[in-house]
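Read the structure below first, then the notes.
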Amino acid sequence: MPFNRDMTMFAGLILAGGRSSRMGGGTPKALIELGGATLLARVAAALSPQVVELAVNPPPGVDFFGLDLPMVRDGTPTFEGPLAGVLAGLVHASALSPGPTHLLTTPVDLPFLPRDLAGRLAAGLIDADTIAFAEGPAGRAPLCALWPLSVAPRLEAFLAGGPERRVGAFLAGERTRGIPFAPVHVGGRAVDPFFNINTPDDLAFAEEMVGSLRP
């Protein structure tokens with residue numbers, strides 16, 4: 001059947017499995033509060049309307065309470081990097097009914113995600129095997145991406161093939177397309193929509209931007 005992007009359906013996965021080491025450890029980054037809501041709640045609010053099901057990939061041994069989201073785990077007891085989470089999400093999405101064609105992923109620490117992320121990425125799909133990822137003003141955001149479910153066997157082989165687990169290394173061997181996104185305006189200031197919170201200073205900047213706004 002010829003590729004028809006209008007027939008694409010998306011499952012969603014929030015990648016929240018990182019160590020949060022630059023935030024000082026302790027509280028998982030997903031549960032850090034920004035403007036009265038957790039980062040997980042903010043990202044979930046942005047993504048939920050864009051997908052048929054939204055799940056979260058948590059750190060080893062962590063359960064996120066307070067949001068009714070399926071937990072999709074890597075199946076490993078250690079931190080294996082975001083691509084392990086993507087693979088787990090692809091396997092989970094393939095078992096859903098009605099079956100999605102793609103998995104929309106994003107890290108949990110992006111408080112200014114576009115509400116049209118899925119549609120913009122889908123518009124850039126070349127064929128049924130294309131991985132479309134976002135490009136913000138500050139550069140590539142390769143984990144803000146639409147992954148065709150058909151990529152799962154290749155990703156599994158890549159992760160099993162050795163210590164190389166970088167996202168860019170995997171994408172270099174795939175058919176990809178970067179989709180540019182303009183800045184978003186928050187509180188009268190232009191902000192990269194893929195600005196991510198890695199440090200306490202990043203969190204302070206985000207707090208300044210959102211003020212008392214709720215997701």
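The values are calculated or read from the model by the stated rules, or taken from the named source; none is laboratory data. All figures in this text were calculated on a predicted structure; none of them were measured in a lab. Virtual Cβ from ideal backbone geometry, glycine too; neighbours counted across all protein chains shown.
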Taking segment 94-107 and keeping residues part of a loop (DSSP other than H, G, I, E, B) and under 12 Å from Gly12 (Cα atoms) leaves Leu96, Pro100, Thr101
With criteria (1) surrounded by fewer than 16 Cβ atoms within 10 Å (Cβ to Cβ); (2) modelled with pLDDT under 95; (3) under 18 Å from Gly99 (Cβ atoms), Leu125 comes up short on (1)
Over segment 130-140, the set of residues touching a residue at least 12 places away in the same chain (Cβ under 8 Å), over 14 Å from Leu47 (Cβ atoms) and in a strand (DSSP E or B) is Ile131, Ala132, Phe133, Glu135, Gly136, Arg140
Filtering segment 73-119 down to residues that are among the polar types (S, T, N, Q) and out of contact with any Ser or Thr (no Cβ under 8 Å at 6 or more places or on another chain) yields Thr76, Thr78, Ser94, Ser97, Thr105, Thr106
Of the residues that make up segment 65-74, is at least one without any contact (Cβ under 8 Å) to a residue 12 or more places away in the chain, not in a helix (DSSP H, G or I) and not hydrophobic (A, V, I, L, M, F, W, C)?
yes
Filter segment 162-201 for residues that are touching a residue at least 24 places away in the same chain (Cβ under 8 Å) and in a helix (DSSP H, G or I); the one that is nearest to Val43 (Cα to Cα) is Pro200
